[in-house]
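Notes follow once the structure below has been shown.
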Amino acid sequence: MKPFGYVRAGSVEEAAEAFAAHRGARYLAGGTNLVDLMKLGVERPAVLVDVTRLPLDGVEELPDGSLRVGATVRNSDLAAHPVVRDRYPALSQALLAGASGQLRNAATTGGNLLQRTRCPYFQDLSKPCNKREPGSGCGAREGVHRDHAVLGYSEQCIATNPSDMAVALAALDARVELYGEGGARSVPAAEFHRLPGDHPERDTEIRPGELITGVVLPAATAGLPSAYRKARDRASFAFALASVAVALRVADGTVAQAGIAFGALAHRPWRAVRAERALLGGPATPDAFARAVDLELAEARPLRDNAYKVPLARNLAVDVLTRLAAPART
Ligand SMILES: Cc1cc2nc3c(=O)[nH]c(=O)nc-3n(C[C@H](O)[C@H](O)[C@H](O)COP(=O)(O)OP(=O)(O)OC[C@H]3O[C@@H](n4cnc5c(N)ncnc54)[C@H](O)[C@@H]3O)c2cc1C
Ligand code: SF4
């Protein structure tokens, strides 16, 4: 591993300043992704700016009924938080579906959002990868791509985003709060990650040196019936082959509010806006759910080895929608 410097920041401003002062700096949170990538030589930071001592480890109910989660809140703590379990169950379920107990104890909200793809070519320095080394090619395109994207990919990159948590945040209309040179700003979680286009080296809309300070879950989705389901090769400790997060409000048998996001199908959590629009104001029945999900997934362009993802994602989504609607229909 290349030698690197280490700075421990005590405040958000200090962290941003330390980052700006050191060329080749990276923020370090739980380290469960960054340190692995450093060992592989994929990441070669000159300096690590440790953000784990920042005062961003709280979960706070705000006066407008929303919930702010600090960037350094550990995945285990967030999953177990009583307000999250009660009002945003899809988020708790998504977190618990990720990684292992030990990893969730170390992993943070900010780090989870910025974890890199698990594409094996990205992690292997001997292989071409436009994300790791722009212009070098994409090893996965003609190689092993069973786990790769079926939606929104480009000629440059077919990787998927691996985060379970981010899928739930997208469906729940959360916002990501950022701090950087230009001050504080926030972006919708569903728009935080990018599609690869011609710049797969950029995973998200974050600007150089910006720090994630937290995530806000809005009052508008608090208390909605919501759920997360994930299909994977093993029952635990495995990344998603396909997953879905759904928040659904049904009134008098009619869909009054729907947030649907797919995981492991694209370079970012895929907010299913076509399906949501098709459902709004219509009957909350399994047939209507299937039609809406099919409409969304009609856009899929499976690759040689991953056509299975389309029916898998469809069945997961129809099942979750049907289960969430069931108490309201009886
Ligand atoms: C074996 C294994 C299995 C896993 N399985 C799953 C799974 O099934 N589902 C899943 O979702 N995840 C899974 N993960 C990934 C895990 O969830 C992530 O590694 C973890 O969430 C990253 O959080 P961290 O705090 O350790 O981030 P770090 O590794 O510290 O950082 C990750 C990235 O985020 C940046 N960063 C961190 N905090 C901030 C901040 N506040 N502002 C700006 N930048 C920041 C870092 O610079 C780095 O680029 C798995 C990981 C492993 C090793
Ligand atoms: S899919 Fe993306 S991450 Fe994987 S090899 Fe191709 S360019 Fe790299």
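FYI, it's all coordinate maths here, none of it is from the lab. These figures come from a predicted structure and were not determined experimentally. Cβ sites come from the backbone with ideal geometry, for glycine too, and all protein chains shown count toward neighbours.
A Stokes-Einstein calculation at 37 °C with viscosity 0.692 mPa s, built on the Kirkwood radius of region 60-156 over Cα pairs, returns a diffusion coefficient of 206 µm²/s.
By other beta-carbon atoms within 10 Å, ranking MET1, MET165, MET38 with the fewest at the front produces MET1, MET38, MET165. Computed over the chain, the P(r) curve from all C-alpha pair distances, binned at 10 Å from the origin, holds 6, 26, 34, 24, 8, 1, 0 percent per bin. By the rule of a C-alpha distance below 23 Å, with chain neighbours fewer than 8 residues away ignored, the lysines paired with LYS2 are LYS39, LYS127, LYS131. The helix-only estimate of mean residue ellipticity at 222 nm for the chain, built from DSSP H runs of length n ≥ 4 each weighted as -39500 (n - 2.57), is -8500 deg cm²/dmol after division by the residue total. In terms of overall dimensions, region 13-126 has a Cα radius of gyration and Dmax of 15.8, 52 angstrom. Taking 0.36 nm per residue of separation and subtracting the Cα-Cα distance, full extension of the segment from ASP50 to ARG85 would add 9.7 nm. Each pair of Cα atoms in region 122-218 enters the Kirkwood radius, and Stokes-Einstein at 4 °C and 1.567 mPa s then converts it into a translational diffusion coefficient of 88 µm²/s. Annotation for region 245-330: GluC sites (Glu not before Pro) lying in DSSP loop with at most 15 further Cβ atoms inside 10 Å of their Cβ are GLU299.
Sort VAL144, VAL320 so that the residue with the fewest other Cβ atoms within 10 Å of its own Cβ comes first and the one with the most comes last.
Ordered by Cβ neighbours within 10 Å, fewest first: VAL144, VAL320.
Each residue of region 120-136 was assigned a 3J(HN,Hα) from its phi angle through the Karplus curve 6.51 cos²θ - 1.76 cosθ + 1.60 (θ = phi - 60°); the sequence is x, 6, 5, 8, 10, 4, 7, 10, x, 7, 5, 6, 7, 9, x, x, 7 Hz, with glycine and proline shown as x.
Equivalent-ellipsoid semi-axes for region 224-329 (Cα gyration tensor, √(5λ), whole Å, largest first): 24, 15, 11. Please check which bits of region 249-283 a label hung off ALA298 would reach, taking the label as a point 7 Å along Cα-to-C-beta and the cut-off as backbone N under 12 Å. What the label zone holds, given the 12 Å backbone N cut-off, is 274-275, 278.
Evaluate region 194-286: find the radius of gyration of its Cα atoms, find its Kirkwood radius, and give the ratio Rg to Rh. Each step should come with its number before you reach the end.
Values: Rg = 16.3 Å, Rh = 15.8 Å.
Ratio of gyration radius to Kirkwood radius for region 194-286: 1.03.
Every Cα-Cα pair in region 1-54 was counted, and those over 18 Å apart are 26% of them.
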